[in-house]
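The values are calculated or read from the model by the stated rules, or taken from the named source; none is laboratory data. Only a predicted model underlies this, so the values are computations on that prediction, with no experimental measurement involved. As a convention, Cβ positions derive from the backbone with ideal geometry for all residues, glycine included, and neighbour counts pool all protein chains shown.
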């Protein structure tokens, strides 16, 4: 029997159910004649800030820009060290370097894949200026312990919530814990645009004002440029699309959680599944499992018409483009995760039958 292909992701299918609302949003923006820093952007910024429980949202051009501008808006000491997990996506280290700071990579917790507070405590020194909590795969970091460490040592706490739209800890959403937070709206995210985009969230009026200036050529009013800045503005069309999808975000997250529950319940013991932690609401942007024969397992799935991804096959400290800044530091846990992690299909477009088929083939392997 030939089974139909189960793709890892299909964005056409994901967005099809929102098509009518997208078309109405497009018409509204088109008829307004205002496409940059207009009403649609302001509306989305207000709604997303309210959703996350913070007063300020600043839309920018991408998730990478969100991290970089957030770091610069915090006015950290040039060259200071920012502690970040060694298995995080390369955008974190890149943004830290672009902001004139120094990445300090530490090991993640091998069970949650997130920043290990114990490793953070050991890494803090006189050069440390900030902690970057990357909520990887849609699970929040241990923000209780990281917040305590930041307060104890007088450090800035920045959340990279690019994969955690709607995730929460003790009922408090990602993006509302740190001095500021960076989000990505890359199309594959749970809250994904139809192009690129990002946002910075903060409770600080000063950080918010500085981020708005930096995103717009260093200008606080038209043609008056008080500092070096960037052209990094979430455009109104993407903001309008995001306003549509924000209304459905809880439903998207719930659907993915239902699929994740099937994986948790039915995957065999040979697969290392993501940790479930009391008090955490995970949104399963990525369902990451681990297996010592990851590459063979991935090929076996492919032969059975099931496509997967790896997040991420090369850790930042082993990337040629960053080696001169990060050095060849020993990070065995990060490296082991890169060699054993496999991301299973868990898209808004997938059905329970899809996941049951994936489980069946995985357990056969």
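See the values below:
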quantity: Among the candidates 258, 265, residue that is closer than 30 Å to residue 46 by Cα, at pLDDT 95 or above and outside any loop (DSSP other than H, G, I, E, B); calculated: 258
quantity: Helices (runs of 4 or more DSSP H) contained entirely in region 268-365, each with at least 1 residues that are buried (at least 17 other Cβ atoms within 10 Å of the Cβ) and on the phi > 0 side of the Ramachandran plot; calculated: none
quantity: Sole residue being touching a residue at least 40 places away in the same chain (Cβ under 8 Å) and assigned by TED's automatic domain parsing to the domain that holds residue 210, chosen from 51, 8; calculated: 51
quantity: Which listed residue is within 23 Å of residue 319 (Cα to Cα) and assigned by TED's automatic domain parsing to the domain that holds residue 201, from 81, 122; calculated: 81
quantity: Qualifying position, being out of contact with any strand residue (DSSP E or B) (no Cβ under 7 Å at 6 or more places or on another chain) and closer than 30 Å to residue 342 by Cβ, among 91, 50; calculated: 91
